[in-house]
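Read through the structure below, which is laid out as C-alpha cells, and then see the notes.
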Amino acid sequence: MGFDTTQRVTGAVGLLFLAYFAAHTVHKHNQGPKPKQEESLFAASVLSAIPNDPRMPFWVVSQPSKTAYPVDLLLKIRVVNLQDKRASVDSIKVEIMGVTDWIHLVPIPPQGMAFFGGRLSSARQFTVSPEDISEVFQSEMTPGETMEATGFFESSVKPVVPVPTPFKFRITLRDTVDRISVFENTLNRAPGEQPMLGQSSIRLFGELQDFSSFKQERVGPH
C-alpha cells in the first residue's frame, strides 16, 4: 500500500519528534540530579594585617630560653558559626597569596611568651586584643556567634619573599568532627592604610628593654 505526500511528511515529522524526545531523555538521564552542595558551616576572613616593618618590628619573646621570634604578619581574624547548633573549630590554617602560589603562614605559639615592639636593643612590651587566636577559636561557639582574635605568624618561605598587594588570604577551618571549610578574602587597601587591628587594640607599656643578646629563631613549618 502506498503513502501519499501528506502521509509521508507527517510520518517524517513524527519520527524526528520521537528521535529528539528520546535523545533529550537520554541526555537528562545521563546528567542525573546535581549533587546538593553542603551549606557553609562557618564564615571566616582576615579583617586586617600588619606586615613586619623594619622601623617597628614585632617580636614574640621567651625570656626563660632567651629567644626572640620575629613576627612577619600580625593578623586579626573573624570566624562566624553559621550553624543552628553549637560548634567548635579544631584547627585553623592561614595562607597568603605570593607572586605565583599560596604561602603558608605558620602561627607563633604565644603561650609563656611576651610581645615586644621595636628593635631588640630597645624594645617595649605590648598587649594585643582581642585574645590570641589559638585560645579563642578552640572554645565552643554558640549558634550565630562571631569571634575575633589576633594571631602572630611567620612565613613558611625563608627568606621572606615580597607579597603583592592588595593582600589575598585563604583560611582553612577544620571543626571537631573533621569537616573542612575554606574561605578566601582580599584586603583592598594598601598595607600602610590598614587599621592597626582596630582602635586601641595594641598598647605599648613598660620600660625599654634590651634583648640584643637573645638568639633569634623561627618556629619552622607545622
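Based on this model, can you work out whether SER91 counts as modelled with pLDDT under 90, among the small types (Gly, Ala, Ser), out of contact with any Pro (no Cβ under 8 Å at 6 or more places or on another chain) and within 18 Å of VAL182 (Cβ to Cβ)?
Here the answer is yes, as SER91 does meet what is asked.
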Seminar exercise, completed: Only one of (1) assigned to a strand (DSSP E or B); (2) surrounded by 16 or more Cβ atoms within 10 Å (Cβ to Cβ); (3) not acidic (Asp, Glu) does not apply to THR127, and that is (2)
Problem set entry | the stretch 189-222 - residue that is modelled with pLDDT of 90 or more and charged (D, E, K, R) and, of those, surrounded by the fewest Cβ atoms within 10 Å (Cβ to Cβ) | LYS215
For this session: Return yes when LEU41 is surrounded by 10 or more Cβ atoms within 10 Å (Cβ to Cβ), within 22 Å of the chain's Cα centre (by Cα) and modelled with pLDDT of 90 or more and no when it is not.
Result: no
Problem set entry | Members of the stretch 69-113 found to be within 20 Å of GLN125 (Cα to Cα) and of a type in the set (Gly, Ala, Ser), listed by number | GLY112
Exercise. Which ones in the stretch 168-188 are surrounded by 14 or more Cβ atoms within 10 Å (Cβ to Cβ) and either at pLDDT 90 or above or over 16 Å from LEU74 (Cβ atoms) (or both)?
Worked result: LYS168, PHE169, ARG170, ILE171, THR172, LEU173, ARG174, ASP175, SER181, PHE183, GLU184, ASN185
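When you look at ASP101, is it modelled with pLDDT of 90 or more, surrounded by fewer than 18 Cβ atoms within 10 Å (Cβ to Cβ) and of a type outside the set (Val, Ile, Thr), yes or no?
Working: modelled with pLDDT of 90 or more: yes; surrounded by fewer than 18 Cβ atoms within 10 Å (Cβ to Cβ): yes; of a type outside the set (Val, Ile, Thr): yes.
Against the criterion (modelled with pLDDT of 90 or more, surrounded by fewer than 18 Cβ atoms within 10 Å (Cβ to Cβ) and of a type outside the set (Val, Ile, Thr)), ASP101 qualifies.
The values are calculated or read from the model by the stated rules, or taken from the named source; none is laboratory data. What you see is a predicted model; the values in this text were computed from it and never measured. Methodologically, a virtual Cβ is constructed for each residue, glycine included, from the backbone with ideal geometry; neighbour enumeration extends over all protein chains shown.
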